[in-house]
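The values are calculated or read from the model by the stated rules, or taken from the named source; none is laboratory data. All figures in this text were calculated on a predicted structure; none of them were measured in a lab. Ideal geometry is used to build each Cβ from the backbone, glycine not excepted, and the neighbour counts take in all protein chains shown. SASA here: full protein model, heavy atoms, side chains in, ligands and nucleic acids out. Shrake-Rupley method; radii C 1.70, N 1.55, O 1.52, S 1.80 Å.
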Amino acid sequence: MVEYGEPYLVVEDYYGRAFFKALIDRLVSEGHLPQDLSVPRRNIRRLPGKCNVKLKRILASAADEYHPIVLVLDAEGRPANEVRRRMEQHVPPSCREDIKIVVLDYCAEEWICIGLGIEFSDDPVRALRSWLRKRKEASADYHKYMLAKFVPELDLERLIDRSRSFKAFLEALRDIRPR
């Protein structure tokens with residue numbers, strides 16, 4: 001059995017760490033990613049800020065030990081190419097080849113909406129809140145800490161078919177090197 005290096009993720013939200021850990025574990029268990037792939041929770045870090053100088057140090061340090069390094073960014077409705085271009089300015093030249101940048105059109109909630117078949121236009125968080133209220137009760141609401149709880153319900157095939165950023169995320173994680 002081949003052992004792979006460990007990927008390293010940098011994500012936007014504090015609660016995104018648990019979401020991405022649960023999502024990767026599910027993708028591995030269902031055969032969308034190599035069975036030997038492991039992403040320990042310590043390898044999922046919160047983005048210190050898109051223009052924070054600390055980010056360069058984090059990426060340079062991680063590049064010495066991990067591959068790939070995947071940055072998952074929220075475009076929040078802005079053009080994805082613009083968000084990617086701005087982030088690339090903060091990636092140290094020494095590790096550019098090791099870093100994969102995945103830009104979600106809005107935020108992680110868009111993957112939840114797509115995976116659950118919830119229609120949204122420009123605000124997946126609002127759509128998710130509305131869906132929860134209809135599904136449960138009038139007082140049900142959505143909070144960021146709930147992100148990971150949706151992972152078991154997601155239709156992964158729908159996500160793969162309908163989300164450009166989800167496909168990019170999968171491809172970034174598949175770019176792993178044997179140890």
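For the chain, the longest principal axis of the alpha carbon atoms and the long axis of helix 164-174 meet at an angle near 40°. Per-residue SASA remark: residue 69, around 0 Å² accessible (1.4 Å probe; ligands, DNA and RNA not included). For residue 106, nonlocal amide neighbours, meaning residues 5 or more places apart or on other chains whose placed amide H falls under 5 Å from its own, are 75, 76, 77.
For residue 6, the residues whose amide H sits under 5 Å from its own are 67, ignoring neighbours fewer than 5 places away on the same chain, with H placed 1.01 Å from N.
For the stretch 1-160, the solvent-accessible area works out to 51 Å² per residue, with a probe of 1.4 Å and every protein chain left in place. Each label point is 7 Å from the Cα along the Cα-to-Cβ direction; what then is the distance between the points at residue 119 and residue 164, in nm? Distance between the two pseudo-spin positions: 2.2 nm.
Subtracting the Cα-Cα distance of residue 26 and residue 135 from 0.36 nm times their residue separation leaves 36.8 nm of extension gain.
Taking the average, over residues, of other Cβ atoms within 10 Å as the packing measure, peptides 153-159, 9-15 rank 9-15, 153-159 from highest down.
Return one number: the angle in degrees, 0 to 90 and rounded to the nearest 10, between the long axis of the Cα atoms of helix 16-29 and the longest principal axis of the Cα atoms of the chain. Between helix and principal axis, roughly 80 degrees. Over all other residues within a Cβ to Cβ distance under 11 Å of residue 167, the charged ones net out to +1, with Lys and Arg as +1 and Asp and Glu as -1. Computed from backbone phi, the HN-Hα couplings of the stretch 66-78 come to 10, 7, x, 9, 10, 9, 10, 10, 9, 7, 6, x, 6 Hz, rounded to whole numbers (Karplus: 6.51 cos²θ - 1.76 cosθ + 1.60, θ = phi - 60°; Gly and Pro given as x). Here residue 45 and residue 171 are evaluated by their C-beta separation; at R0 = 30 Å the FRET efficiency comes out at 0.90.
The DSSP beta bridges internal to the chain are antiparallel in roughly 5% of cases.
The length gained on full extension between residue 35 and residue 143, counted as 0.36 nm times the residue separation minus their Cα-Cα distance, comes to 35.7 nm. Centre-to-centre, using Cα atoms only, the stretch 27-56 and the stretch 107-127 are separated by 22 Å.
Which net charge results when you count Lys and Arg as +1 and Asp and Glu as -1 among the other residues whose beta-carbon is under 14 Å from that of residue 105? Could the numbers behind the result be given before it?
Numbers: positive: 78, 84, 162, 164, 167; negative: 12, 74, 76, 82, 109, 110, 122, 123.
Net local charge, residue 105 excluded: -3.
Just to confirm a number: summing +1 for Lys and Arg and -1 for Asp and Glu over residues other than residue 117 whose beta-carbon lies under 11 angstrom from that of residue 117, what do you get? The answer is -1.
So how many Lys-Lys pairs in the chain land under 24 Å Cα to Cα, not counting same-chain pairs under 8 apart? Number of lysine pairs found: 19.
Approximating the spin labels as points 7 Å out from Cα along Cα→Cβ, the residue 90-to-residue 153 distance works out to 3.2 nm.
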